[in-house]
């Protein structure tokens, strides 16, 4: 009988640790089949890059990628050199999440760019998310939180 509470605790812990893809969303997998991320159902998946998707109104999009044979700490150095952080949202051993200025130039403060990276075995799953209106942040957060190692 003592094993039932242990199993229940284990199942709850597994559910909390697993990334949540909202019901009805698409699951996209990167080319290497190591990482996955959720996309809202109405978003359009890029025909040439099936790990990229965008909103039909073109106000938000993301691109997911997998970096092999590197740790999150190694990827952090590279990403922060290429895309210097404006604001760090999370920097732990389990996730790096920060905002950075758009590479397209200009001072458009209505455009938000995020990089989110998580470790996965000897890989790092990463997603770059862009949204052009602060009201789109809740969906962008769901995308960021849906990224996980491929199942």
Some residue of segment 60-76 being touching a helix residue (DSSP H, G or I) at 6+ places or on another chain (Cβ under 7 Å), modelled with pLDDT of 95 or more and surrounded by 13 or more Cβ atoms within 10 Å (Cβ to Cβ): yes
Residue match in segment 85-93 (condition: buried (at least 16 other Cβ atoms within 10 Å of the Cβ) and either within 11 Å of the chain's Cα centre (by Cα) or over 18 Å from residue 21 (Cα atoms) (or both)): yes
Conditions (1) surrounded by 14 or more Cβ atoms within 10 Å (Cβ to Cβ); (2) over 14 Å from the mean Cα position of the chain (by Cα): number failed by residue 134: (1)
From the options 127, 27, residue that is under 11 Å from the mean Cα position of the chain (by Cα) and under 19 Å from residue 151 (Cα atoms): 127
Sole exception among (1) at pLDDT below 95; (2) surrounded by 15 or more Cβ atoms within 10 Å (Cβ to Cβ) for residue 106, by number: (2)
Count of segment 141-151 residues which are buried (at least 19 other Cβ atoms within 10 Å of the Cβ) and touching a residue at least 60 places away in the same chain (Cβ under 8 Å): 4
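The values are calculated or read from the model by the stated rules, or taken from the named source; none is laboratory data. This structure is a prediction, so every number in the text was calculated from the model and none was measured. Positions of Cβ are generated from backbone atoms using ideal geometry, with glycine treated the same way; all protein chains shown enter the neighbour counts.
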